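See below for the structure under consideration.
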Amino acid sequence: MTSLYEEVTQVPDGVPTRRVTITVNGQKRTVDVEPRLLLAHLIRQGLKLTGTHTGCDTTNCGACTVLFDGRPIKSCTMLAVQADGHKVETVEGMGTASELHPIQEGFKEEHGLQCGFCTPGMMLAAKALLEKNPNPTEDEVRWALSGNLCRCTGYQNIVKAVLWAADKMRDQQA
Amino acid sequence: MKPPVFEYRDPRSLDEALGLLNEYGDDSSILAGGQSLIPLLNLRLARPDYVIDINKVPGLDTIEVLPGCVRVGALTRIRRLERDPKIRAVAPALSDAFQNIAHPQIRSRTTIGGNISHADPSSELPGVLAAYDGRVQLTSSSGSRWVSWSDFFVTVFTTTRESNELLTAVEFPTDQNFSYEFEEIARRPGDYPLAGVCAGISLDGSQVRAARLSAIAIADRPIRMTAAESALVGVDISNAAVRQAASQAAAAEINPMDDEHGSAAFRRGLVSTLVKRTLDRLAGVPS
């Protein structure tokens with residue numbers, strides 16, 4: 001069990017915490033959290049999974065996108081206590097450096113990133129799309145990524161990367 | 001830590017939730033999907049003493065397609081509503097409006113009750129509720145009452161919900177042979193609209209029996225455009241001049257404000273265009 005008292009912030013005396021158990025990338029994690037702790041901050045500071053980025057804290061930018069019970073959400077607008085008993089998937093759960101997920105490969109092949117800040121959120125939004133719709137049109141990809149801002153690429157190569165991944169994932173299924 | 005300190009309560013039943021609202025009332029905020037409240041907490045624009053998280057209250061995430069109405073429980077998420085084939089079958093404009101609410105990640109969390117009780121005049125659903133002549137159910141420890149949309153929305157972020165009440169259901173009437181169309185204009189997909197229109201007409205052959213036109217992001221609350229509605233009653237919808245006249249009447253009767261997203265004149269033009277487009281579609285004419 002990890003205590004988040006020191007790791008996330010100093011909890012003032014008398015502020016109650018809650019014990020929550022969240023399955024993160026397939027692994028059960030039990031932590032004590034202050035109710036106001038955001039899920040994004042639990043993931044980054046508490047669990048040290050810093051692949052999930054925080055950009056705006058107001059549901060605009062999508063950098064903090066994770067999958068919550070398989071659905072894309074912005075983890076800056078959910079409290080960590082609300083994830084108790086649920087499954088969370090972050091970019092760390094997608095693949096490894098030696099064995100990339102096809103979506104990660106797609107971003108590499110199609111130059112789908114420059115600075116990389118938006119990339120984890122983009123990839124998880126794409127994963128949610130491809131799990132529901134393995135053969136999306138370009139418009140459907142753009143619609144699925146509409147909640148994720150990128151300030152570098154102009155989006156063209158991100159869309160190409162997702163379509164590349166869709167092709168590869170369909171080939172693997174075939 | 002972004003949000004201010006608050007006491008967190010997560011009631012497991014409606015009675016428990018209503019009891020907490022009775023006790024804490026104005027000192028509390030209700031947390032449903034959190035897509036408005038949590039940004040407000042993160043910015044510390046909201047500083048409630050208590051946050052009452054209703055996500056564990058059972059029985060509030062219902063979708064019922066009944067004779068004469070679609071009734072949706074307050075905790076039903078937009079992601080589910082936008083994909084619901086039963087709603088699409090009886091109220092396709094409603095499904096279109098759901099798909100226009102923000103982004104996929106936000107629709108995964110946003111609830112219909114939270115969206116409507118937040119009463120953001122730029123949000124789609126309050127305006128769609130107005131066009132459908134819908135109503136909301138408010139429940140407190142002492143019982144439930146149904147309130148029509150026009151008695152519910154007061155001004156920006158303000159409704160007639162009492163602090164001990166919870167919005168528990170939303171009802172969109174589907175009777176009277178009304179057909180609806182919804183369209184909005186936003187700078188980017190998923191943004192709040194610069195303007196939106198929901199138009200409904202009831203026809204006798206091609207003659208309009210009744211019309212309901214609402215505008216979104218135009219005033220401090222959703223509005224019906226009654227001059228444009230009157231201009232349509234009794235006329236032949238297949239006549240393009242009639243649809244044009246209604247769109248001009250709509251532009252003339254609204255009073256949009258200038259803001260950083262667009263001038264009043266620009267918004268007036270958008271509403272006129274949207275009224276024309278939605279009426280064209282209702283008349284079966286491609287815009």
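The numbers here are math on the coordinates, done by the rules we state, and not lab data. Remember, it's a predicted structure, so these values are computed and weren't measured experimentally. Reconstructed Cβ throughout: ideal geometry from the backbone, glycine too, with neighbour counts over all protein chains shown.
Cα gyration tensor of chain A, axes a ≥ b ≥ c as square roots of the eigenvalues: rounded (a/c below 1.5), prolate (a/b > b/c) or oblate? Mind showing how you got there, number by number?
Numbers: a/c = 2.35, a/b = 1.93, b/c = 1.21.
Prolate shape, in that a/c is at least 1.5 and a/b is the bigger ratio.
Among bridges DSSP assigns within the stretch B:1-148, what percent are antiparallel (round to 5)? Kindly include the intermediate steps, with their values, before the conclusion.
Values: 11 of 18 bridges.
So the antiparallel bridges amount to about 60 percent of the total.
Taking every residue in B:97-107, how many Cβ atoms of other protein chains lie within 10 Å of its Cβ, on average?
Numbers: counts 0, 0, 1, 0, 0, 4, 13, 14, 21, 8, 4.
The per-residue average across the peptide is 6.
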Quiz prompt | Unsatisfied cross-links (Cα-Cα over 23 Å) in the set A:LYS87/A:LYS168; A:LYS28/A:LYS48; A:LYS87/A:LYS160 | solution = A:LYS87/A:LYS168; A:LYS87/A:LYS160
Exercise. Using only Cα atoms, find the angle between the long axis of helix B:264-282 and the longest principal axis of chain B, and express it within 0 to 90 degrees, rounded to the nearest 10.
Key: 70
Quiz item: Does the protein assembly as shown come out rounded, prolate or oblate, given a ≥ b ≥ c as the square roots of the eigenvalues of its C-alpha gyration tensor, rounded meaning a/c under 1.5 and, failing that, prolate meaning a/b above b/c?
Solution: oblate
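So which chymotrypsin sites (Phe, Trp or Tyr not before Pro) in the stretch B:172-239 pass both tests, a DSSP loop state and at most 11 other Cβ atoms within 10 Å of the Cβ?
none
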Quiz item: To the nearest 10 degrees, how steep is helix A:156-173 against the longest Cα principal axis of chain A, on a 0 to 90 scale?
Solution: 80
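Could you work out the mean count of beta carbons from other protein chains within 10 Å of each residue's beta carbon in B:35-45? It would help to have the intermediate numbers written out before the result.
Details: counts 6, 3, 1, 12, 8, 1, 5, 9, 2, 0, 0.
Counting Cβ atoms of other protein chains within 10 Å of each residue's Cβ and averaging gives 4.
If R₀ is 45 angstrom, what is the calculated FRET efficiency for the pair B:PHE157 and A:LYS87, using the beta carbon separation as r and rounding to 0.05? Numbers along the way, then the final one.
Numbers: r = 34 Å, r/R0 = 0.75.
Rounded to the nearest 0.05, the efficiency is 0.85.
What is the average number of partner chain Cβ atoms found within 10 Å of a Cβ in A:69-79?
On the way: counts 1, 1, 7, 8, 10, 9, 1, 4, 13, 7, 9.
Across the residues of A:69-79, the mean count of other-chain Cβ atoms within 10 Å is 6.
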Self-check item: Extreme residue, positive dipole direction of the protein assembly as shown, given options A:LEU100, A:ASN60, B:MET257 (C-beta unit charges)
Solution: A:LEU100
Self-check item: Order by protection proxy (mean Cβ within 10 Å, highest first), peptides A:84-95, B:61-72
Solution: A:84-95, B:61-72
Exercise. Give a quick list of trypsin sites (Lys or Arg not before Pro) in the stretch A:106-174 that DSSP marks as loop, anything other than H, G, I, E or B, with at most 11 other Cβ atoms within 10 Å.
Key: A:ARG151
Exercise. Report, ordered by chain and residue number, the lysines lying within cross-link reach of B:LYS86, taken as a straight Cα distance under 18 Å and ignoring same-chain residues fewer than 8 apart.
Key: none
Quiz item: DSSP loop trypsin sites (Lys or Arg not before Pro) in the stretch B:140-233 with at most 12 other Cβ atoms within 10 Å of their Cβ, which ones?
Solution: B:ARG187
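Of B:TRP149, A:TRP143, how do they rank once you tally other Cβ atoms within 10 Å and put the fewest first? Before the final figure, lay out the partial values.
On the way: B:TRP149 26, A:TRP143 17.
Lowest count first: A:TRP143, B:TRP149.
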Quiz item: Can you list the residues of the stretch B:153-187 with backbone N under 13 Å from a point 7 Å past the Cα of B:TRP146, pointing along Cα to Cβ?
Solution: B:169-175
Quiz prompt | Among beta bridges that DSSP assigns inside chain B, antiparallel share in %, nearest 5 | solution = 85
Quiz item: Between B:HIS261 and B:ALA227, how many nm apart are label points set 7 Å from Cα along the C-beta direction?
Solution: 2.4
